[in-house]
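Notes follow once the structure below has been shown.
The values are calculated or read from the model by the stated rules, or taken from the named source; none is laboratory data. As the structure is a computational prediction, the values presented were derived from the model and not from experiment. We place every Cβ from the backbone using ideal geometry, glycine too, and count neighbours over all the protein chains shown. These accessible areas exclude ligands, DNA and RNA; they are computed on the full protein's heavy atoms, side chains included. Shrake-Rupley method; radii C 1.70, N 1.55, O 1.52, S 1.80 Å.
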Amino acid sequence: MVAVPTNLLWLQAGSCGGCTMSVLEQGASGWFAELKTFGLNLLWHPSVSEESGEEVLDILARIESGETLLDILCVEGSILRGPQGTGMFNRLSGTKRSLLDIACSLAKRAQYCVAIGSCAAFGGVPAGDPDPTDACGLHYDGAEAGGALGRDYRSGKGLPVINVAGCAPHPGWIMETLQALATHDLTAADLDALGRPTFFAAHLAHHGCSRNEFYEFKASARVLSERGCLMEHLGCKATQAIGDCNQRAWNGGGSCTHGGFACISCTAPNFENGRNFHVTPKIAGIPVGLPLDMPKAWFMTLAALSKSATPERVRKNAEADRIVENPRRGK
Ligand code: SF4
Ligand code: SF4
């Protein structure tokens, strides 16, 4: 518990609202109780706050004038710069101002600025080709530093935008970031090269997947619903995707790969421009996207060896839609 309330403002720009839906799942007693526990005072959130119209404009005006201190600015959704850099594709209701203008103005006042989700971090879904809205992230345009705030932006506490990437990000990633900021426990050293907090960015989504045994033996699912590893044929990018998705449950249990859905690397810039999310691109039968830190030749050698050593049980289960053979002692 911290004594001084930490003022938090949450804006939605080019957003589907999914990040908010995600964070509302946080905590056994609910998001609002969780915010209170860490002294986080929600000044306003467009989906959950009672204030509307003039009351909201008043809240924003007080922040812009410096009357209300803004500790944490959260922006969900990409910043739409179109048409022609005006940002007018996305205006704040009741004003003639764009979210581009408002986000940039408030970011100057914020002690910390947090991009909630891959849209706010890198551009995300609205930035997918073709993009007539000219969408970008707060501090990145895809993998390029810059975005709406410019590459030199630093918040009041001297930090770059903290990118809680993911589409949607895990509620725990959002709340652990906000809690660490409320207790002043997050520094630049806790961010990776793309501004993502390392408490989740130090892991690959592959770590802890319930299909790991199938991966080890290269026992692959060929069609959706089979139990095998989804990397060889069904497009799983988790060996290259940052995130601890398979180590902490979503909505009380599960993850994309646990549910039979290939990882699409939604925490990465430009993930939205991938095509055929459920097909593994190959050259001469070899998957193009191999594990991040493994030389290709080693991977190919190990894959051939493990395929030749695949236990019958693992092979059968990989190609079934349920476990058909249980582990038992060999003869
Ligand atoms: S990151 Fe995904 S869930 Fe969040 S606003 Fe963008 S599209 Fe929606
Ligand atoms: S399905 Fe994906 S995450 Fe799971 S073991 Fe295979 S490569 Fe790893």
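What to note about this one:
- Residues considered: Glu34, Glu51. Of these, the only one that is among the charged types (D, E, K, R), assigned to a loop (DSSP other than H, G, I, E, B) and at negative phi is Glu51.
- The range 3-31, subset within 26 Å of Gly124 (Cβ to Cβ) and in a loop (DSSP other than H, G, I, E, B), residue farthest from ligand 2 (Cβ to nearest atom): Ala13
- Output for the range 237-246, where each listed residue is in contact (Cβ under 8 Å) with a residue 40 or more places away in the chain and either within 16 Å of ligand 1 (Cβ to nearest atom) or surrounded by fewer than 19 Cβ atoms within 10 Å (Cβ to Cβ) (or both): Gln240, Ile242, Gly243, Cys245
- Taking the range 172-223 as the range and being within 16 Å of ligand 2 (Cβ to nearest atom), among the basic types (Lys, Arg) and buried (at least 19 other Cβ atoms within 10 Å of the Cβ) as the test, the residues that pass are Arg211, Lys218.
- None of Leu290, Leu230, Leu234 is more than 16 Å from ligand 1 (Cβ to nearest atom) and either open to solvent by 40 Å² or more (accessible area, probe 1.4 Å) or at pLDDT below 95 (or both) except Leu290.
- The set of residues in the range 293-319 being under 22 Å from Arg227 (Cα atoms) and hydroxyl-bearing (Ser, Thr, Tyr) consists of Ser306, Ser308, Thr310.
- Filter result for Gly253 (farther than 27 Å from Asp129 by Cα and small (Gly, Ala, Ser)): yes
- Extreme residue, modelled with the highest pLDDT, among residues of the range 2-31 that are surrounded by fewer than 16 Cβ atoms within 10 Å (Cβ to Cβ) and on the phi > 0 side of the Ramachandran plot: Gly17
- In the range 125-159, the residues that are among the hydroxyl-bearing types (Ser, Thr, Tyr) and open to solvent by 20 Å² or more (accessible area, probe 1.4 Å): Thr133, Tyr140, Tyr153
- Members of the range 64-123 that are open to solvent by 10 Å² or more (accessible area, probe 1.4 Å), part of a loop (DSSP other than H, G, I, E, B) and among the hydrophobic types (A, V, I, L, M, F, W, C): Leu69, Met88, Phe89, Leu92
- Failed condition for Asp58, given (1) within 16 Å of ligand 1 (Cβ to nearest atom); (2) surrounded by fewer than 15 Cβ atoms within 10 Å (Cβ to Cβ); (3) part of a helix (DSSP H, G or I): (1)
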